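Novice: Sharing a structure below in structure tokens format, with a few things to ask.
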Amino acid sequence: MFTPEHVALAMVKHFQPAGKVLDPCSGDGVFLRHMPGAEYCELQEGRDFFDWRDQVDWILSNPPYSVYLEWMRHSFRVAENIVYLIPINKAFNSNALLQETFEWGGIVEIVHLGAGRNVGFQDIGFAMGAVHYKRGYRGGIVYRHGF
């Protein structure tokens, strides 16, 4: 599912990724258009995120939900900050992922955007949000409704 332009723009403006930035699944480039100089991966172009080894300051994207646990594990290996547009329950529905999240760092902020269909994803009824993970973070989780 491709991210609507207005959602990608709002995410980039809100989180303001800086330094070395990566979009690990660029799709049609909606995030890249708003992050000049960012690196990217796109499987359909032969640039597999699971082959990415360089450290980055920020990852910002809409990841594939079908391999989310493996995707997060790899994200933890290469990034200081991770912001993913996901059904919010993805961040909490696996004990293994929660344990790994809090060993790596933590969740800084969740920006709740409404049900998937309200954000442009017609097949998703779950609450969607931009979830910001940060290496070494030990504070509380800030919750916001919308940007």
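Novice: Would you mention how many residues in region 69-110 are at pLDDT below 95 and among the hydroxyl-bearing types (Ser, Thr, Tyr)?
Specialist: 1
Novice: Would you tally the residues in region 1-58 being free of Cβ contacts under 8 Å to residues at least 12 places away in the same chain and under 21 Å from Val119 (Cβ atoms)?
Specialist: 4
Novice: When region 1-23 is examined, which residues are found to be of a type in the set (Gly, Ala, Ser) and open to solvent by less than 20 Å² (accessible area, probe 1.4 Å)?
Specialist: If the condition is that a residue be of a type in the set (Gly, Ala, Ser) and open to solvent by less than 20 Å² (accessible area, probe 1.4 Å), then Ala8 is the only one that fits.
Novice: Tell me, which residue of region 82-131 that is open to solvent by less than 10 Å² (accessible area, probe 1.4 Å), in a strand (DSSP E or B) and in contact with a Leu (Cβ under 9 Å, 6 or more places away or on another chain) is nearest to Glu5 (Cα to Cα)?
Specialist: Step by step, filter region 82-131, then rank; the result is Leu85.
Novice: Let me ask something else about it. Restricted to region 24-53, and to residues that are over 21 Å from Pro4 (Cα atoms) and aromatic (Phe, Trp, Tyr), which residue is surrounded by the most Cβ atoms within 10 Å (Cβ to Cβ)?
Specialist: Among those residues, the one meeting the criterion is Phe49.
The values are calculated or read from the model by the stated rules, or taken from the named source; none is laboratory data. In this text, all values refer to a predicted model and were calculated from it rather than measured experimentally. FYI the Cβ positions are ideal-geometry reconstructions off the backbone, even for glycines, and counts take in every protein chain you see. Just the protein is used for accessible areas: all its heavy atoms, side chains included, with ligands, DNA and RNA removed. Shrake-Rupley method; radii C 1.70, N 1.55, O 1.52, S 1.80 Å.
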